[in-house]
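S.K.: Have a look at this one.
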Amino acid sequence: MNRDTLKRFKLRDQLSEDHLKLFSLIEKSILAYLLIGLVFIFLEKTGLTEVYLGSSVIGGTIGYLIIAIKLMYHDEALSELKTHTNINQNTLKNAMLAIGYSEKKDGVYYPKKRMFSIFYLCKSELITHTSKNETTTFTGPHNKLLKLTKIIE
């Protein structure tokens, strides 16, 4: 396959395609704030710090959000892979299993575990496969499509 055909969607396009991805970022930020806050409460109760360090909780949460945003909207950005290679269905099925996906609907592959939220599955986590004439198109997370190209090659 030609890797030059792998294209990330812009942030605006990602959010318009999958609104739940924004809510999963809010969910992650709330959970990170609570967990980091619990760590600093534990530090205060055990005597490792004299006072509760609220500014450190906020700083830790902001640092976590920066990393989460990069992972969600760049590394695992909704992407499109176009190829002119005919792919055998058994090869495709084995490649999808190798990257942790399984087919539940015709042409739609679901991950074994959720990537963005603990409560729901976002549309941009799915890999869809469509074939038109001699062109095969995959849409899904960028890193997963990159792994798929390496396995199928």
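S.K.: Would you calculate the convex hull of the Cα atoms in region 57-119 and tell me its volume per residue in Å³?
M.R.: It comes to 113 Å³ per residue, whole-number rounded.
S.K.: Here's something else I'd like to know. Which whole-number percent gives the relative contact order of the chain, counting Cα pairs below 8 Å spaced six or more residues apart? Please list the in-between numbers first.
M.R.: Details: 202 pairs, mean separation 47.4, N = 153.
Reported as a whole number, the value is 31 percent.
S.K.: Given 5 Å bins starting at zero, what is the percent of C-alpha pairs of region 78-152 in each, up to the one with the largest pair distance?
M.R.: Distribution as computed: 3, 16, 30, 30, 14, 5, 2, 0 percent.
S.K.: On full extension of the chain, what length is gained from T5 through L65, given 0.36 nm per residue of separation minus the C-alpha to C-alpha distance?
M.R.: 18.6 nm
S.K.: In debye, nearest 20: dipole of region 13-73 around its Cα centre with unit charges on the Cβ of K, R (+) and D, E (-)?
M.R.: Computed about the Cα centre, the dipole is about 140 debye.
S.K.: Where does the Debye-calculated log10 I(q)/I(0) of region 13-73 sit at q = 0.19, 0.22, 0.26 Å⁻¹, using only Cα point scatterers of equal weight, no solvent?
M.R.: Listed by q, the Debye log ratios stand at -0.70, -0.83, -1.01.
S.K.: Using only Cα atoms, tell me the angle between helix 20-45 and the longest principal axis of the chain; keep it within 0 to 90° and round to the nearest 10.
M.R.: Taking Cα atoms only, the helix is inclined about 30 degrees.
S.K.: Right, here's the next one. As I understand it, the dipole of region 13-73 uses +1 on the Cβ of Lys and Arg and -1 on the Cβ of Asp and Glu, about the Cα centre. Which of A68, L38, L48 lies farthest toward its positive end?
M.R.: Selected residue: L48.
S.K.: Work from the charge dipole of region 8-93 (Cβ charges, +1 for Lys and Arg, -1 for Asp and Glu, about the Cα centre) and give the residue of H19, F9, T91 farthest towards its positive end.
M.R.: Result: T91, furthest along the dipole toward the positive end.
S.K.: Using unit Cβ charges (K, R positive; D, E negative) and no other charged atoms, how large, in debye to the nearest 20, is the dipole of the chain about its Cα centre?
M.R.: Computed charge dipole of the chain: roughly 300 debye.
S.K.: So how far apart, in nm, are the two label points at N86 and K150 if each is 7 Å from Cα heading toward Cβ?
M.R.: Roughly 2.9 nm, to one decimal.
S.K.: Now, a different point. Hey, what did region 105-153 get for relative contact order, percent, Cα under 8 Å, at least 6 apart?
M.R.: 26
S.K.: A further question on this structure: In whole angstrom, and with the biggest value first, how far do the Cα coordinates of the chain range along each principal axis?
M.R.: Taking max minus min along each principal axis of the Cα atoms, the chain gives 68, 29, 24 Å.
Only the coordinates and a few stated rules stand behind these numbers; no lab work does. Source: prediction; values computed, not measured. Virtual Cβ from ideal backbone geometry, glycine too; neighbours counted across all protein chains shown.
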